[in-house]
Each structure stands twice: as C-alpha cells, then as structure tokens.
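One structure is given below, encoded as structure tokens.
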Amino acid sequence: MRKQHLAILSDNKPGVLTHIAGLISRKAINIESLTVGYTEEPDVSRFNIVISIEDDKELKQTISQLAKLIDVIKIINLDEAPFISYELAMIKVRYDTPQVRDELASLANLFHAKVVDVNLNSLILRVTGREDHVNALINVLTPYEILEIARTGTISLSRGLVPVKAM
C-alpha cells in the first residue's frame, strides 16, 4: 500500500463530501486524511485527501470516477509533481512538577512547537509540519503521559506558480 495525495476542487454545496467519501469507501480504499476548506473563490471548496492505494490501475480508476461526480470541478494527483504537505496537531500532556513542565517546554522548542495552554498539571502543545515531524514529537513525548491528541490531517499545495485549478 502506498499513500497518494489528491487535491479536489468542487462546488461549495451540501452533500459533496458525502459523495466523494462514499465513492472512495465503496471501492474499499482507506482514507488516511481528509480536509476540506474554502479556496480563494468563495463558491469553490478544496479537498485534500490522502488515500492508501494498492496499484496504479486502482488509483487511475478512482480518480476517473471522482472526476465524473457532478460537483467535482478538478482533481489532481499531487504525487505526480513536487508538492508541500503540512498538518497541525495539538497534544495535551500531563506533568507533575515544574521541572517536568520545563522539560516539556524545552522539547516543544526543539520541534518548533508552541505551548499554547498551561494548567496546574497539564499543558497543550501546538506543532505544525510534515507528518513525520509531528510523529517524531509524539514519539519523543511517549515517556510522558499524553492525555489527548487532535490532528487536522494533511493539507497540500503544488509547488511553483501553477495552482491546482490550472493544472
């Protein structure tokens, strides 16, 4: 299985997410990450979807079927050209002493993460970066008591001057 990053532009209408996710799930393809948001055009939504796929034939067929959905304007496999991906994670960690709190703040600094909330016995870290960067911080924090993690999923843009809508 390999991960593929798809960018989909669609009409900003109710039900589009259901159609796209439904088509992918009916094909028994796992959605690793799915984010949806507005674009520079208010009536257009952008989906960033990371899927796990077996082979090129299955990928091409899925892209072709997604492109046929009425509300889909454009679909691009970002893996075919250079692109940048990032995600945001917030991690709540328990601490018992001021020394441990300071250790956690130092670890956050090493990963360019920010301490965004501090309570009597917990703090929340915010980290952005590639998936492997976020995973590395989580791995380093495993000796501490991680209380909760929330991740946005991957968002991606193609590199260079050409936007997805012109590809």
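Couple of notes before you dig in:
- Each stretch of four or more DSSP H residues adds -39500 (n - 2.57); spread over every residue of the chain, this sum gives -8500 deg cm²/dmol at 222 nm.
- Length-normalised contact order for the chain - Cα pairs under 8 Å, 6+ apart - percent: 27 percent
- Inter-centroid distance (Cα atoms) of region 1-44 relative to region 153-167, Å: 15 Å
- Fully extending the segment from H19 to A166, taken as 0.36 nm per residue of separation minus the present Cα-Cα distance, adds 50.6 nm.
- For the chain, the longest principal axis of the alpha carbon atoms and the long axis of helix 56-67 meet at an angle near 80°.
- Charge-dipole axis of the chain as Lys and Arg at +1 and Asp and Glu at -1 on Cβ define it, positive-most pick from H5, S64, I76: S64
- With Cα atoms, 0 to 90° folded angle of helix 16-26 axis to the chain main axis: 90 degrees
- Estimated FRET transfer efficiency (D96, T152; beta-carbon r; R0 22 Å; 0.05): 0.15
- Virtual paramagnetic centre 7 Å along Cα→Cβ of V116, amide N under 19 Å, in region 29-58: 34-38
- Dipole magnitude (debye, nearest 20) for the chain, charges at Cβ of Lys, Arg, Asp, Glu: 300 debye
- Accessible area (Å², per residue) of the chain, counting only protein heavy atoms and a probe of 1.4 Å: 59 Å²
- Theoretical FRET efficiency, 1/(1+(r/R0)^6), r = Cβ-Cβ of S106 and N30, R0 45 Å, to 0.05: 0.80
- Heavy-atom accessible area order for F83, F47, largest first, 1.4 Å probe: F83, F47
- Taking 0.36 nm per residue of sequence separation and removing the Cα-Cα distance, the N139/Y86 pair yields an extension gain of 17.3 nm.
- Partners of K3 within straight-line reach, counting aspartates and glutamates whose Cα lies under 18 Å from its Cα and excluding those fewer than 8 residues away in the same chain: E32, E54, D55, D56, E58, D79, E80, E87, E131, D132.
- Neighbour cut-off at most 15 other Cβ (10 Å), DSSP loop, trypsin sites (Lys or Arg not before Pro), region 1-79: K27, K68
- Only protein atoms count toward the accessible area here, which uses a 1.4 Å probe; on region 35-167, the carbon and sulfur part of that area reaches 54 percent.
The values are calculated or read from the model by the stated rules, or taken from the named source; none is laboratory data. Predicted model, so just to flag it, every value in this text is computed and none were measured. In this analysis, Cβ positions are derived from the backbone assuming ideal geometry, glycine residues included, and neighbour counts consider all displayed protein chains. Side chains are part of the model used for accessible areas, which takes the heavy atoms of the whole protein and leaves out ligands, DNA and RNA. Shrake-Rupley method; radii C 1.70, N 1.55, O 1.52, S 1.80 Å.
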